[in-house]
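Undergrad: Here it is, the structure in full.
The values are calculated or read from the model by the stated rules, or taken from the named source; none is laboratory data. Source: prediction; values computed, not measured. So basically every Cβ, Gly included, is an ideal-geometry build from the backbone, and we count neighbours across all protein chains shown. SASA here: full protein model, heavy atoms, side chains in, ligands and nucleic acids out. Shrake-Rupley method; radii C 1.70, N 1.55, O 1.52, S 1.80 Å.
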Amino acid sequence: MIRQQRHPASWWNQFLQVSEKFDLAFLTESLGDEITPKISSPLLRREAEIALEIRVRYLNKPASEELAARSAKGVQRLVATVDRLAERSGEGFQLHEAHTLIHLLEGKAGEAAHGAEEFLKTQVILRTFVGALRLERFDNDLAVKLLAAGQEPAVALHSGQVIGKYAWWPGWLLKVVTERALAGTLDEETVQALDRCAYAELSPAQARIARRLLDGEEALIDASAVRLEGLGEVDAAEKLRKGDLTTVALAARLIPI
């Protein structure tokens, strides 16, 4: 048994609401492949594998009446087997993994994930859910990292989309935006301001200045604001002092290339 904080089924079900392209077949196959090896009884495990295989085939071809019937029968047979074993063996036989797989095969993704957290690492389960989102231009690794750090799915997945969309940004800026995502301070206004920085052609030295300005280094911000004032950019200097990110690229370009 793995001792870790478990998420309620309702938390996991949020993933299904985030993406209109949520791939239940992918989730069922991926998470099922993680669950079935944990079933201790070889005969029960084999029956679970057969039920899983047919269920995935049906989910990939939901219009097939034949596969629908075979899938339903396979799940029913697995449920009956598990119930029979529970009656015969009582609490002496470990059936939690099989019950978890049944939830998955019945389409209860949230319940399955909640149950699986008892014997699978959360990050393993997270990767199956994130993979099932089928989101384009999406940073899976960052999303999993944010989710594992405790962020709500809607927030973490939004950050994953942002990073995926702006993957062309220079490395130093991607590091800044990733840090802000981990800190939970990545909003649309910040993204737009950072995007302006990305379009600015900065030398490595200027990029280092920009990063320090984005980090809120007070002495450097004040010195840069004084330079802006000296150039007649009084409004920009005031915005920089107030933490306006749109002026960072301008201030950074004041140093020679």
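Undergrad: Which of Thr81, Thr100, Thr122 ends up with the largest GNM mean-square fluctuation for the chain, with Cα atoms connected below 10 Å?
TA: Sorting by GNM fluctuation, first place goes to Thr81.
Undergrad: Now a separate question. Positive end of the dipole of the range 1-135, charges at C-beta (+1 Lys, Arg; -1 Asp, Glu), about the Cα centre: which of Gly131, His96, Leu27 has its Cα farthest in that direction?
TA: Gly131
Undergrad: Now for a separate question. For the chain, what does the alpha-carbon gyration tensor say about shape, rounded, prolate or oblate, given a ≥ b ≥ c as the root eigenvalues, a/c under 1.5 as rounded, and a/b over b/c as prolate?
TA: The shape class here is prolate.
Undergrad: If you put +1 on each Lys and Arg Cβ and -1 on each Asp and Glu Cβ, how big is the dipole of the range 43-96 around its Cα centre, in Debye rounded to 20?
TA: Using Cβ point charges on Lys, Arg, Asp and Glu, the range 43-96 gives about 140 debye.
Undergrad: Pick out, from Thr185, Leu105, Thr36, the residue whose Cα sits farthest towards the positive end of the charge dipole of the chain, with +1 on the Cβ of Lys and Arg and -1 on the Cβ of Asp and Glu.
TA: Thr36
Undergrad: Could you tell me the calculated FRET efficiency between Asp222 and Trp11, based on Cβ-Cβ distance and R0 = 45 angstrom, to the nearest 0.05? Walk me through the intermediate numbers first.
TA: Values: r = 44 Å, r/R0 = 0.98.
Once the sixth-power term is evaluated, E becomes 0.50.
Undergrad: Which pairs in the list Lys61/Lys165; Lys21/Lys61; Lys38/Lys121 are over 24 Å apart, alpha-carbon to alpha-carbon?
TA: From the list (Lys61/Lys165; Lys21/Lys61; Lys38/Lys121), the Cα-Cα distance tops 24 Å for Lys61/Lys165.
Undergrad: Which lysines have a Cα lying under 26 Å from the Cα of Lys242, excluding residues fewer than 8 positions away in the same chain?
TA: Cα-Cα hits under 26 Å: Lys175.
Undergrad: With every protein chain kept in the model, how would you rank Val130, Val18 by accessible area, 1.4 Å probe, largest at the top? Please report the intermediate quantities before stating the final value.
TA: On the way: Val130 5, Val18 60 Å².
The most accessible residue leads, giving Val18, Val130.
Undergrad: Run the numbers on the range 67-225 and let me know its relative contact order in percent, using alpha-carbon pairs under 8 Å that are six or more apart. Walk me through the numbers on the way to the answer.
TA: On the way: 97 pairs, mean separation 19.1, N = 159.
Value for the range 67-225: 12 percent.
Undergrad: Given a 10 angstrom Cα cut-off, can you work out which residue in Lys242, Lys108, Lys38 is the most mobile in a GNM of the chain?
TA: Its mean-square fluctuation being the largest, the pick is Lys242.
Undergrad: Going by the alpha-carbon gyration tensor, a ≥ b ≥ c the square roots of its eigenvalues, is the range 7-100 rounded (a/c under 1.5) or, if a/c is not under 1.5, prolate (a/b greater than b/c) versus oblate?
TA: oblate
Undergrad: Stretch Trp172-Val234 to full length: gain in nm at 0.36 nm per residue minus the Cα-Cα span? Walk me through the numbers on the way to the answer.
TA: On the way: separation 62, 0.36 × 62 = 22.32 nm, distance 2.80 nm.
Residue separation times 0.36 nm, minus the Cα-Cα distance, leaves 19.5 nm.
Undergrad: Mean residue ellipticity at 222 nm from the helices of the chain, using -39,500 (n - 2.57) per DSSP H segment of n ≥ 4 over the full residue count, to the nearest 500 deg cm²/dmol? Don't jump to the answer; show the numbers that get you there.
TA: Values: 15 runs with 179 residues, N = 257.
Computed ellipticity for the chain at 222 nm equals -21500 deg cm²/dmol.
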